[in-house]
Each structure stands twice: as C-alpha cells, then as structure tokens.
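The values are calculated or read from the model by the stated rules, or taken from the named source; none is laboratory data. For clarity, every value in this text was computed on a predicted model and none was experimentally measured. Neighbour counts run over all protein chains shown; Cβ positions are idealised from the backbone, glycine included. In case anyone asks, the SASA skips ligands and DNA or RNA and just uses the protein heavy atoms, side chains included. Shrake-Rupley method; radii C 1.70, N 1.55, O 1.52, S 1.80 Å.
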Amino acid sequence: MVSDDIREKEFVCNLEKCKGACCVEGDYGAPLENEELELLKETYPKIKEYLTPEGIQAIENQGAYILDPDGDYSTPTIGGKECAYAIYDDKGILKCGIEHAWKAGKTEFRKPISCHLYPIRITKKKNFEAINYNKWSICSPACTLGKELEVPLYKFLKEPLIRKYGEAWYSELVEVIEILTNEEEKKNK
C-alpha cells in the first residue's frame, strides 16, 4: 500500500542546508530489517576504519545493532544522538560511514534500507507493507529544493525503491502514478 504522498510530494535532499540531521535527530538510531542484523555484524570489521572513534566505541559497547524500547531493531547511537555509523565530512555534514566504505569497495552492504529510503518509512502489517512519507521539519529544505526542481518523491527515491522492491515493482508504481496523474489532469480540464 503506497500513500498518495509518495506521488504528490516533491523532495530532493539538500545536505548543504540540513547537514544530515536525519542521522542525529529522533528517538533511536536507524530502523533495521531483520535481514540487516547479521549483515551489520559481518560488515562492521570491514567498515570500522571509516567510522569515528565515538562511533566505534558505541558499537563495541552496544553491539552492531540494538533492540530499542519499542521492540524494534535499530542502529546504536552515540550518547542517544547521532547514529554510531554516521561520520562528518569536511563541511560538517553527517553522512553514512557504511556507505562511505561501500563506495570505497570495502563492502557490498550499502547502508540500512530505512536510511536509503528516507523520508519514506515502511510499516509492516500482517499481509502487506504500508509505504508512507514521513514529514519532518528537518527536511523542509529538501521539500523546497524538490519543489524548485519539480522532482516527485518516488523519482528521487527510485534507486532505493528498486533496491527494496525490485525493478518490476517500481515500473508498475510509475505506471500506476502516470495513470492517476493523467486521470486527475483530465478531471481538472
């Protein structure tokens, strides 16, 4: 089930403005899927050199992942703030240390899918997944940039949506969105 916001909202990350706030804000670290837990444990030795000393300390104290108070798995954090896997670039922007190692060819695991898909959040139900836009004030610069560039959320997140659901699913999503958009345009004429 895909919310209308995925089609209607315009969004392009603007890290120059937000400084990667989604890696530090929130109650817990990044949500993790069960299949990512073992991947994080296996990947940690390969990516350790890309992490901050504080991140390494947090991971070694808490583990590669934690079970949060809500009963969900997430990445550990540094002092209840930024993700232990986050790193700062030379401009003070938080980025993913796992992804940095992935770009360097050190691991095949790019980053948690919840991070790659952000600001989409997936809620698992008994027989389906609900795909929703997570509106958050820290992303207002991304909404502004998306509107300026006229990039819908589903197009901005094409790569992670394909990573999660596959090319065929994404093609079907685009087809349905185009049909709905055409129908709306006809109604408004």
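Taking the solvent-accessible surface of protein heavy atoms with a 1.4 Å probe, what is the per residue accessible area of the chain in Å²? Write out the running numbers ahead of the final one.
Values: 11200 Å² over 189 residues.
Computed with neighbouring chains in place, this is 59 Å² per residue.
Once phi is turned into θ = phi - 60°, what whole-Hz ³J(HN,Hα) does the Karplus curve with 6.51, -1.76 and 1.60 give for every residue of region 83-95, x standing for Gly and Pro?
So the J values, rounded to whole Hz, are 4, 5, 8, 7, 10, 9, 7, 5, 9, x, 9, 6, 9.
For E175, E99, E49, E184, give the ranking by accessible area with the largest first, probe 1.4 Å.
Numbers: E175 110, E99 25, E49 135, E184 85 Å².
Highest to lowest solvent-accessible surface, that is E49, E175, E184, E99.
Write down the percent of antiparallel bridges among all DSSP beta bridges whose residues are both part of the chain, to the nearest 5.
Numbers: 13 of 14 bridges.
Here the antiparallel bridges make up roughly 95 percent for the chain.
Can you work out D for region 1-54 in µm² s⁻¹ from Stokes-Einstein, where Rh is the Kirkwood radius over C-alpha pairs, the temperature is 37 °C and the viscosity is 0.692 mPa s?
Working: Rh = 14.7 Å.
Diffusion coefficient, whole number: 223 µm²/s.
Compare D5, D70 by solvent-accessible area with a 1.4 Å probe and give them largest first, with all protein chains kept in place. Mind showing how you got there, number by number?
Details: D5 50, D70 105 Å².
Ranking D5, D70 by accessible area, largest first, yields D70, D5.
Lys/Arg Cβ at +1, Asp/Glu Cβ at -1, dipole of the chain taken about the Cα centre: which of Y85, V12, P160 is farthest positive-ward?
Projecting each Cα onto the dipole axis, the largest value belongs to V12.
Quote the relative contact order of region 1-116 in percent (integer), defining contacts as alpha-carbon pairs under 8 Å separated by 6+ residues. Numbers along the way, then the final one.
Working: 156 pairs, mean separation 36.1, N = 116.
Reported relative contact order: 31 percent.
Give, rounded to the nearest 20 debye, the magnitude of the charge dipole that the chain has about its Cα centre when Lys and Arg contribute +1 at Cβ and Asp and Glu contribute -1 at Cβ. Spell out each step's value before the answer.
Details: 27 positive and 34 negative charges, 40 e Å.
The calculation lands at about 200 debye.
If you take the beta carbon distance between D89 and K158 as r and set R0 to 25 Å, what does 1/(1 + (r/R0)^6) give as a FRET efficiency, to the nearest 0.05?
Numbers: r = 24 Å, r/R0 = 0.97.
Efficiency, from the Cβ-Cβ distance: 0.55.
Step by step: find N for region 1-110, compute 2.2 N^0.38 Å, then divide the Cα radius of gyration by it. What's the final number?
On the way: Rg = 14.6 Å, N = 110, 2.2 N^0.38 = 13.1 Å.
Dividing the Cα radius of gyration by 2.2 N^0.38 Å gives 1.12.
State the answer as a single residue: which of A104, L94, L149 lies farthest towards the positive end of the charge dipole of the chain, with beta carbon charges of +1 for Lys and Arg and -1 for Asp and Glu, about the Cα centre.
Farthest towards the positive pole: L149.
In whole percent, and with a 1.4 Å probe on the protein chains, what portion of the accessible area of the chain is carbon and sulfur? Working shown, then result.
On the way: 5460 of 11200 Å².
With neighbouring chains kept in place, the figure for the chain is 49 percent.
Filter the cross-link list K81/K124; K46/K111; K48/K111; K9/K147; K95/K124 down to pairs whose alpha-carbon distance in this structure exceeds 20 Å. Numbers along the way, then the final one.
Values: K81/K124 26 Å; K46/K111 13 Å; K48/K111 14 Å; K9/K147 8 Å; K95/K124 27 Å.
K81/K124; K95/K124, as the Cα separations exceed 20 Å there.
Considering the alpha-carbon set of region 34-189 alone, what are its Rg and its Dmax in angstrom?
Using the Cα atoms of region 34-189, the pair Rg, Dmax is 18.2, 61 Å.
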